[in-house]
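The block underneath contains the structure these notes are about, expressed in structure tokens.
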Amino acid sequence: MPFQASFIHSIYTLFMQRLSRAISYYLRHAPQELGLQLEPGGWVEVAGLLAGLQAKGHPCTLADLTRLVASSDKRRFALDGQRIRANQGHSVPVNLQLTPQSPPPLLYHGTTARFVPGILEQGLHRGKRHHVHLSQCLDSARQVGQRRGSVVILQVDAESMQQQGHPFYCSANQVWLTNFVPPQFIRLTGGQPDPG
């Protein structure tokens, strides 16, 4: 690839990464900053999102947005006609219209070593989000955990949790969600906890 084309590609990739972060922020945590209100399911009108992004200094076209949704390896967003949403990860009140589902017997959660002692003692809490996020495969859990440093993979006995009345939901991008994972359903599968 010639230098100029490579440079343009790099700039566009950086633009799309920043755009993805901005849209994640507004759709999950601060829709009101763009003058948006999440509809049931977390949906907003595409036109309103584009206008709000422009007003905040994020130039974005419908083509950019469509390409972002289609190319996202984690499928963070969904487009439905003239509406868009974040598939999960919200911290603002919204009815995501999720229905309980039977999870696979085992699910995984990637975290960093420093959090492991607390998790093994107190369980996995959702924090400011609506749910605890779990992965069906080790690779996905590892990718999530790597964002903050040395990764440790925790295995969750989802089958036993469900048998004891804990509901599970599956987002449109195959992230498994639950309200809380008690410590008795968690075990270490990779990495070591931080000794201090």
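Does T99 meet the test of being over 30 Å from E45 (Cα atoms), among the hydroxyl-bearing types (S, T, Y) and not assigned by TED's automatic domain parsing to the domain that holds L62?
no
When the residues of the range 170-194 are narrowed to those that are of a type outside the set (A, V, I, L, M, F, W, C) and crowded, with 19+ Cβ neighbours inside 10 Å, which ends up farthest from D80 (Cα to Cα)?
Restricting to residues being of a type outside the set (A, V, I, L, M, F, W, C) and crowded, with 19+ Cβ neighbours inside 10 Å, the top hit is T178.
Would you mind stating whether I153 is assigned to a strand (DSSP E or B) and either surrounded by fewer than 21 Cβ atoms within 10 Å (Cβ to Cβ) or in contact with a Cys (Cβ under 7 Å, 6 or more places away or on another chain) (or both)?
Yes: the conditions hold for I153.
Select from the range 131-148 the residues that are surrounded by fewer than 19 Cβ atoms within 10 Å (Cβ to Cβ) and not in a helix (DSSP H, G or I) and write down the one among them that is modelled with the lowest pLDDT.
Ranking the candidates gives C137 first.
Hey, among the residues in the range 108-141 that are hydroxyl-bearing (S, T, Y) and in contact with a helix residue (DSSP H, G or I) (Cβ under 6 Å, 6 or more places away or on another chain), which one's nearest to R75 (Cα to Cα)?
Step by step, filter the range 108-141, then rank; the result is S135.
Identify the residue in the range 1-38 that is among the aromatic types (F, W, Y) and surrounded by 10 or more Cβ atoms within 10 Å (Cβ to Cβ) and, among all such residues, is farthest from Q88 (Cα to Cα).
F7
Suppose the filter is modelled with pLDDT of 90 or more, under 16 Å from the mean Cα position of the chain (by Cα) and aliphatic (A, V, I, L, M); does A63 pass it?
no
Working only within the range 52-88, note down all residues that are farther than 17 Å from R18 by Cα and surrounded by fewer than 19 Cβ atoms within 10 Å (Cβ to Cβ).
A78, L79, D80, G81, Q82, R83
Within the range 95-111, is there a residue that is crowded, with 17+ Cβ neighbours inside 10 Å, under 26 Å from A30 (Cβ atoms) and hydroxyl-bearing (S, T, Y)?
Looking for residues that are crowded, with 17+ Cβ neighbours inside 10 Å, under 26 Å from A30 (Cβ atoms) and hydroxyl-bearing (S, T, Y), one finds at least one in the range 95-111, hence yes.
Would you mind finding the one in G42, G52, G48 that is part of a loop (DSSP other than H, G, I, E, B) and of a type in the set (G, A, S)?
Answer to the selection: G42.
Please enumerate the residues belonging to the range 31-58 that are among the aliphatic types (A, V, I, L, M) and farther than 19 Å from A78 by Cβ.
A51, A55
Among the residues of the range 129-141, how many are charged (D, E, K, R) and under 14 Å from the mean Cα position of the chain (by Cα)?
1
Against the definition (part of a loop (DSSP other than H, G, I, E, B) and outside the structural domain of L27 (by TED's automatic domain parsing)), how does K74 come out, yes or no?
Answer is no for this residue.
The values are calculated or read from the model by the stated rules, or taken from the named source; none is laboratory data. As the structure is a computational prediction, the values presented were derived from the model and not from experiment. Here the Cβ is made from the backbone with ideal geometry for all residues, glycine too, and neighbour counts use every protein chain on show.
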